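A quick write-up on the structure given underneath.
The values are calculated or read from the model by the stated rules, or taken from the named source; none is laboratory data. What you see is a predicted model; the values in this text were computed from it and never measured. Here the Cβ positions follow ideal geometry from the backbone for every residue, glycine too, while neighbour counts run over all protein chains shown. Side chains are part of the model used for accessible areas, which takes the heavy atoms of the whole protein and leaves out ligands, DNA and RNA. Shrake-Rupley method; radii C 1.70, N 1.55, O 1.52, S 1.80 Å.
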Amino acid sequence: MLDTGAIESRKTRARSWFESLRDDICTTFEELEHGAPATLYDAAPGRFVRTPWDRVDHAGGLGGGGVMSVMRGRLFEKVGVHASTVFGEFAPEFRKDIPGTEADPRFWASGISLIAHLWNPHIPAVHMNTRFVVTSRAWFGGGSDLTPVLAVRRRQDDPDSIDFHAAMKAACDAHLPVAPYDKYKAWCDEYFYLKHRNEPRGIGGIFYDWHDSGDFEADLAFTQDVGRAFLKVYPAIVRRNYATPWSAAERDEQLVRRGRYVEFNLLYDRGTAFGLKTGGNVESILSSMPPLVKWP
């Protein structure tokens, strides 16, 4: 069992990383806003608006909080890059779902969560989150997955899919002793699946939870490389596609596909349930919802 000082040091390092990654992603996404060709995107480039929030737990007490960073721009129709650090006690009905809370319901959790929906249907939506959770145990979780919104692009042999998978594999392979790519890729495919429609949400990526190899330094380094891999590959995918014009029919197809995204997040997503059941900020939690959507 680690002493309190060691645990607090690990919390501080994890939180600092998530917040610095948030800042780097926001800067890069604002650069993409400015770089989008004016022939297709004639509005003014967007900027992130940051909104702090405080967490109130199930008993009415304060327990940390976070900062919402949301941009509605000419390239990014809606993107949220949120960092939060929360703590307190799990509500009784939720404790059974969290490792390490059988005898002690106290917890601490810090992380970054990102979801991007773009105007251009040729640019895939994307999700990424990583987190560090401490109860009587401690572990990392997270991952990233890509969701093309056009059927013609929702293929494993599409250049975007190939590059995205390669980036996530490289992040795992750099940490082979603790990060099995095949396991985390399969976990992503299983998790991001709409059972009621018998279809995947997108083309996959990686997903991991309760990640504790026993080597904190290795686990933190792996989680950092997941963030770095995302920050390298997704802007490249955006740049590859943002000059491609789209039709009204493709925009319509995008809105229908977004409906599947909503269905998954409300029916199956554990992060949504965790946030709502632990007194998280509702606006931040549900900012993953696309701004416009259509069910035919």
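Each row is one residue, and each column tells you yes or no for (1) in contact with a Pro (Cβ under 8 Å, 6 or more places away or on another chain); (2) buried (at least 17 other Cβ atoms within 10 Å of the Cβ).
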| site | (1), (2) |
| --- | --- |
| I162 | no, no |
| M168 | no, yes |
| C172 | yes, yes |
| L176 | no, no |
| K185 | no, yes |
| F192 | yes, yes |
| R197 | no, no |
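Could you list, in sequence order, the residues of the range 263-286 that are in contact with a Lys or Arg (Cβ under 9 Å, 6 or more places away or on another chain) and either among the hydrophobic types (A, V, I, L, M, F, W, C) or open to solvent by 30 Å² or more (accessible area, probe 1.4 Å) (or both)?
Within the range 263-286, F264, L267, Y268, G271, N281 qualify.
When you scan the range 73-105, how many residues do you find that are open to solvent by 50 Å² or more (accessible area, probe 1.4 Å) and of a type in the set (G, A, S)?
1
Every residue in the range 211-236 that is touching a helix residue (DSSP H, G or I) at 6+ places or on another chain (Cβ under 8 Å), assigned to a helix (DSSP H, G or I), under 17 Å from W139 (Cα atoms) and open to solvent by 30 Å² or more (accessible area, probe 1.4 Å), please.
The answer is Q224, D225.
Per-residue answers, yes or no, for (1) aliphatic (A, V, I, L, M); (2) touching a strand residue (DSSP E or B) at 6+ places or on another chain (Cβ under 7 Å); (3) without any contact (Cβ under 8 Å) to a residue 12 or more places away in the chain; (4) over 24 Å from E31 (Cα atoms):
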site: D157; (1), (2), (3), (4): no, no, yes, yes
site: V178; (1), (2), (3), (4): yes, no, no, yes
site: I206; (1), (2), (3), (4): yes, yes, no, yes
site: G214; (1), (2), (3), (4): no, no, yes, yes
site: D225; (1), (2), (3), (4): no, no, no, no
site: L231; (1), (2), (3), (4): yes, no, no, no
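Pairs please, first residue from the range 33-48 and closer than 20 Å to R240 by Cα, second anywhere and among the hydroxyl-bearing types (S, T, Y) and open to solvent by 30 Å² or more (accessible area, probe 1.4 Å), Cβ atoms under 9 Å, 6+ apart in sequence or on different chains.
Matching pairs, first to second residue: G35/Y242; A36/Y242; P37/Y242; L40/Y242; L40/T244; Y41/Y242.
Looking at (1) in contact with a strand residue (DSSP E or B) (Cβ under 8 Å, 6 or more places away or on another chain); (2) of a type outside the set (K, R); (3) more than 18 Å from A138 (Cβ to Cβ), which is the only condition A14 fails?
(3)
Go over the candidates D24, D42 one by one and state the one that is over 23 Å from H82 (Cα atoms) and open to solvent by 60 Å² or more (accessible area, probe 1.4 Å).
D42
Filter the range 19-58 down to residues that are in contact with a helix residue (DSSP H, G or I) (Cβ under 8 Å, 6 or more places away or on another chain), farther than 19 Å from I123 by Cβ and in a helix (DSSP H, G or I), then give me how many there are.
Looking only at that region, the number is 2.
For D182, are the conditions met, namely being over 22 Å from T27 (Cα atoms) and in a loop (DSSP other than H, G, I, E, B)?
Criteria not met by D182.
For the range 199-210, which residues satisfy the criterion of being among the small types (G, A, S) and either open to solvent by 20 Å² or more (accessible area, probe 1.4 Å) or part of a loop (DSSP other than H, G, I, E, B) (or both)?
Residue satisfying the conditions is G202 alone.
Show the residue pairs meeting these rules: Cβ distance below 6 Å; 6+ apart or different chains; first residue within the range 135-151 and touching a residue at least 24 places away in the same chain (Cβ under 8 Å) and crowded, with 19+ Cβ neighbours inside 10 Å; second residue in a loop (DSSP other than H, G, I, E, B) and among the small types (G, A, S).
Between residues of the range 135-151 that are touching a residue at least 24 places away in the same chain (Cβ under 8 Å) and crowded, with 19+ Cβ neighbours inside 10 Å and residues that are in a loop (DSSP other than H, G, I, E, B) and among the small types (G, A, S), the close pairs are T135/G100; D145/G202; L146/G202; T147/G202.
Closer than 23 Å to W108 by Cβ, open to solvent by 80 Å² or more (accessible area, probe 1.4 Å) and at pLDDT 95 or above: is that true of T4 in this structure?
no
Being of a type outside the set (G, A, S), open to solvent by 10 Å² or more (accessible area, probe 1.4 Å) and in contact with a helix residue (DSSP H, G or I) (Cβ under 6 Å, 6 or more places away or on another chain): is that true of F132 here?
Answer is no for this residue.
Exactly one of (1) more than 30 Å from T135 (Cβ to Cβ); (2) within 17 Å of the chain's Cα centre (by Cα); (3) in a helix (DSSP H, G or I) is unmet by G259. Its number?
(2)
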